[in-house]
Amino acid sequence: MATVSLCMIVKNEASVLGRCLESAAHAVDEIIIVDTGSEDATKDVARRFTDRIYDFPWIDDFAAARNFSFSKASCDYQMWLDADDVLEDAQSLAEMKRDLTADVVMLPYHVAFDAQGHPTMTYFRERLLRRERGFRWVGAVHEAITPAGTVIYGTAAVLHRKLHVNDPDRNLRIFEKQIAAGKPLLPREQYYYARELLFHGRHREAIRAFMDFLAQPDGWVEDRIGACLQLAQCCLSLGQPQIAEQALLQSFCYDRPRAEICCEIGRLKLERGRYEEAIFWYETAAAAPFPQDGFSQPDCHDYIPYMQLCVCYDRLGNLRQAEAYNDRAGRIKPQDASFLANQKYFRDQRRSGGNI
């Protein structure tokens, strides 16, 4: 049976660390905690689970801290979690260890949720890595390891359950420190730097940064698609819907249409009253396959296009088709307020003699 070292970097995470470690402790064989400067009871919480606690001075480099945590591992595999993560199915991971021989295990990472707790944003991350392969983290911010060798996909999802907001300026500050020092940004770093500019409302700078990223030949396909989506957001914020649509369409140069892109194009068409065109894009979104790699918003594959198709057909006067799409959305989220409001709307239409 394979053994697993859980390697974590933490700082001021006393409020969530116990929850994380409780979710994973029975599935791993050792726990390594690297503290980068906590001023709360983080270490006290960690001591309930392990005595392998190390200090690492924070140097504005997440990859350096994670590589230090990996250097302390002694098991067959190194696994990472953030303190505000929760391992959803520890038993599934424990069972996987019985005959695990792969170099990399990718597990689903759910990072956003709706009111009912269903994931609204998910993607696979490199979660377990064979120690003897010597994998190294790269990137001062949004650090990652490029999977290599034998890669398999598991089902033990990790849930990102943040309770409090960290320093919102930290990542941008680290990027700008790198730039000021004359250190070139790697393609992945350039992409995330552009995202930080977007999140800080610096839309014109973000557009230039996204364009610089897309001009590079070796950016990850999923980041390119994400860049097109976020470039469109920048253009919309500047009142440029036609340029935004062009940015969305550019994503088709990199891979087959993604549901998230199609929903956004559909929304632009719907807002301009071009309902039949919007219907085409929402139907395309509903038919789009889930990508195995990369980011996915599950609602863009069914619930959102069904609800928007309901709106489109209602605007076209086809209430029967509109209600049919609302019913399809309701089978996915039967307690959703928008579905229930639409349901009442169609009942009222029938009572008033509407043509359904």
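The values are calculated or read from the model by the stated rules, or taken from the named source; none is laboratory data. Nothing here was measured: the structure is a model prediction, and the numbers come from that model. Neighbour counts run over all protein chains shown; Cβ positions are idealised from the backbone, glycine included.
Taking the stretch 204-243 only, how many residues are part of a loop (DSSP other than H, G, I, E, B) and under 22 Å from the mean Cα position of the chain (by Cα)?
From the stretch 204-243, those part of a loop (DSSP other than H, G, I, E, B) are 215-220, 238-240; that's our starting set.
Still in the list and also under 22 Å from the mean Cα position of the chain (by Cα): 218-220.
Of the residues in that region, 3 qualify.
Which one is surrounded by the most Cβ atoms within 10 Å (Cβ to Cβ) among residues in the stretch 259-286 that are without any contact (Cβ under 8 Å) to a residue 40 or more places away in the chain and assigned to a loop (DSSP other than H, G, I, E, B)?
Of everything passing the filter in the stretch 259-286, R274 is surrounded by the most Cβ atoms within 10 Å (Cβ to Cβ).
Inspect all residues belonging to the stretch 170-185 and state whether any of them is of a type outside the set (S, T, N, Q), touching a residue at least 40 places away in the same chain (Cβ under 8 Å), surrounded by 14 or more Cβ atoms within 10 Å (Cβ to Cβ) and closer than 26 Å to F113 by Cα.
No, because not a single residue in the stretch 170-185 is of a type outside the set (S, T, N, Q), touching a residue at least 40 places away in the same chain (Cβ under 8 Å), surrounded by 14 or more Cβ atoms within 10 Å (Cβ to Cβ) and closer than 26 Å to F113 by Cα.
Restricting attention to the stretch 4-36, which residues are more than 19 Å from E88 (Cα to Cα) and either over 23 Å from the mean Cα position of the chain (by Cα) or surrounded by fewer than 22 Cβ atoms within 10 Å (Cβ to Cβ) (or both)?
First pass over the stretch 4-36, keeping only residues more than 19 Å from E88 (Cα to Cα): 9-14, 32-36.
Answer for the stretch 4-36, where residues must be more than 19 Å from E88 (Cα to Cα) and either over 23 Å from the mean Cα position of the chain (by Cα) or surrounded by fewer than 22 Cβ atoms within 10 Å (Cβ to Cβ) (or both): K11, N12, A14, I32, I33, V34, D35, T36.
Can you find a residue in the stretch 287-296 that is assigned to a helix (DSSP H, G or I), surrounded by 18 or more Cβ atoms within 10 Å (Cβ to Cβ), modelled with pLDDT of 95 or more and outside the structural domain of E126 (by TED's automatic domain parsing)? If you could, list the steps in order and put the result at the bottom.
Keep residues of the stretch 287-296 that are assigned to a helix (DSSP H, G or I), which gives 287.
Among the residues that remain, those that are also surrounded by 18 or more Cβ atoms within 10 Å (Cβ to Cβ) are: none.
Among the residues of the stretch 287-296, not one is assigned to a helix (DSSP H, G or I), surrounded by 18 or more Cβ atoms within 10 Å (Cβ to Cβ), modelled with pLDDT of 95 or more and outside the structural domain of E126 (by TED's automatic domain parsing), which makes the answer no.
Can you pull out the residues in the stretch 199-213 that are of a type in the set (A, V, I, L, M, F, W, C) and surrounded by fewer than 20 Cβ atoms within 10 Å (Cβ to Cβ)?
So in the stretch 199-213, the residues of a type in the set (A, V, I, L, M, F, W, C) come out as 199, 206-207, 209-211, 213.
F199, M211 - these are the residues of the stretch 199-213 that are of a type in the set (A, V, I, L, M, F, W, C) and surrounded by fewer than 20 Cβ atoms within 10 Å (Cβ to Cβ).
With respect to the numbered conditions (1) crowded, with 18+ Cβ neighbours inside 10 Å; (2) at pLDDT 95 or above; (3) not basic (K, R), which one is the sole condition not fulfilled by D327?
(1)
Within the stretch 146-168, is even one residue touching a residue at least 40 places away in the same chain (Cβ under 8 Å), over 26 Å from P291 (Cα atoms), basic (K, R) and out of contact with any helix residue (DSSP H, G or I) (no Cβ under 6 Å at 6 or more places or on another chain)? Quick ask: steps written out before the conclusion?
Kept after step one, since they are touching a residue at least 40 places away in the same chain (Cβ under 8 Å), are these residues of the stretch 146-168: 147-164.
This time we only want the ones that are over 26 Å from P291 (Cα atoms), so: 163-164.
Filter once more, so that each one left must be basic (K, R): none.
No, that holds for no residue.
Of D99, D60, D85, D55, which residue is acidic (D, E) and buried (at least 17 other Cβ atoms within 10 Å of the Cβ)? Before the answer, list the steps.
Numbers: D99 fails: buried (at least 17 other Cβ atoms within 10 Å of the Cβ); D60 fails: buried (at least 17 other Cβ atoms within 10 Å of the Cβ); D55 fails: buried (at least 17 other Cβ atoms within 10 Å of the Cβ).
Being acidic (D, E) and buried (at least 17 other Cβ atoms within 10 Å of the Cβ) holds for just one of D99, D60, D85, D55, which is D85.
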